[in-house]
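The values are calculated or read from the model by the stated rules, or taken from the named source; none is laboratory data. Please read all numbers here as calculations on a predicted model, not as lab measurements. A quick note on method: Cβ atoms are made from the backbone with ideal geometry, for glycine too, and the neighbour counts reach across all protein chains shown.
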Amino acid sequence: QQQVKQSPQSLIVQKGGISIINCAYENTAFDYFPWYQQFPGKGPALLIAIRPDVSEKKEGRFTISFNKSAKQFSLHIMDSQPGDSATYFCAASSGNTGKLIFGQGTTLQVKP
Amino acid sequence: DGGITQSPKYLFRKEGQNVTLSCEQNLNHDAMYWYRQDPGQGLRLIYYSQIVNDFQKGDIAEGYSVSREKKESFPLTVTSAQKNPTAFYLCASSLYEGFEQFFGPGTRLTVL
């Protein structure tokens, strides 16, 4: 019940296309859902996050869509660029525990 | 510059030796965390600390130990009891437990 399942494992998108990464969870107590971007050999960087009181959050080319009833959330990268090529992790936590549960990661390659 | 530093970047250890990984932050964050990352997997929580002189086990604490004697420092010791210590270790901090977590650049540990 503590798992966060992320798909796909890898994704190849053409420059200018839309990249979509999906995550699903079981624990209904989760109330914070961040996405992290990680480049090879570097630490993850917080990209965007959402709480379940909204269904969508947009920051620049990055959008989180949240479906509370389906217990799913997704990251959309609009106008994907080669510089977006990285590994993306979704995560979830509940209350004030601060314990993030991470998905397995998605390796995104944007072809020029 | 405010941020999280981890040292060393690369670390090699012989089997049977203990090794300590450093994590320092100057963000004045109360909470600090240690994660382990293996290829193709998400991050798994080893230990976390909400305040000085207090810390809790995460999901994979066996074979690891930590201390939190100062607010800005949270070193991780990988002991000889850790069966498979070769991994990428990431330190993170947040203002309070449950707030956004920011990651350091990581230490890659290889056991020879």
Inset, instruction - Grab the strands (runs of 3 or more DSSP E) fully contained in segment A:3-112, keeping just those with 3 or more residues being more than 20 Å from B:Leu43 (Cβ to Cβ). - result: A:10-14, A:56-59, A:62-67, A:72-77, A:106-111
Inset, instruction - Give just the number: which of (1) under 26 Å from A:Val4 (Cβ atoms); (2) touching a Lys or Arg at 6+ places or on another chain (Cβ under 8 Å); (3) part of a strand (DSSP E or B); (4) not polar (S, T, N, Q) does B:Tyr33 not satisfy? - result: (2)
Legend entry - Residues of segment B:4-45 satisfying the condition of being touching a Leu at 6+ places or on another chain (Cβ under 8 Å) and free of Cβ contacts under 8 Å to residues at least 40 places away in the same chain: B:Leu45
Inset, instruction - Kindly establish whether A:Gln104 is within 13 Å of chain B (Cβ to nearest Cβ) and under 12 Å from A:Gln6 (Cα atoms). - result: yes
Legend entry - Checklist (1) more than 10 Å from chain B (Cβ to nearest Cβ); (2) in contact (Cβ under 8 Å) with a residue 40 or more places away in the chain; (3) over 25 Å from B:Ser94 (Cβ atoms) applied to A:Gln9, failing item: (1)
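Give me a count of the residues in segment B:6-28 that are of a type in the set (Asp, Glu), outside any strand (DSSP E or B) and under 22 Å from B:Phe102 (Cβ atoms).
Result for segment B:6-28: 0.
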Inset, instruction - Can you give me the number of residues within segment B:58-81 that are more than 14 Å from every other protein chain (Cβ to nearest Cβ) and either part of a strand (DSSP E or B) or surrounded by 21 or more Cβ atoms within 10 Å (Cβ to Cβ) (or both)? - result: 8
Inset, instruction - Might you check whether a residue that is without any contact (Cβ under 8 Å) to a residue 24 or more places away in the chain and over 16 Å from B:Ser94 (Cβ atoms) occurs anywhere in segment A:29-37? - result: no
Inset, instruction - Kindly list the number of the only condition in (1) at negative phi; (2) without any contact (Cβ under 8 Å) to a residue 12 or more places away in the chain that fails for A:Arg61. - result: (2)
Legend entry - Filtered residues of segment A:47-94 (kept if touching a Gly at 6+ places or on another chain (Cβ under 7 Å) and either among the charged types (D, E, K, R) or surrounded by fewer than 16 Cβ atoms within 10 Å (Cβ to Cβ) (or both)): A:Asp79
Legend entry - Residue list for segment B:36-57, restricted to those being in a loop (DSSP other than H, G, I, E, B), buried (at least 17 other Cβ atoms within 10 Å of the Cβ) and of a type in the set (Gly, Ala, Ser): B:Gly42
Inset, instruction - Only residues that are assigned to a loop (DSSP other than H, G, I, E, B), under 17 Å from B:Phe55 (Cβ atoms) and modelled with pLDDT of 90 or more: list them for segment B:83-103, please. - result: B:Gln101
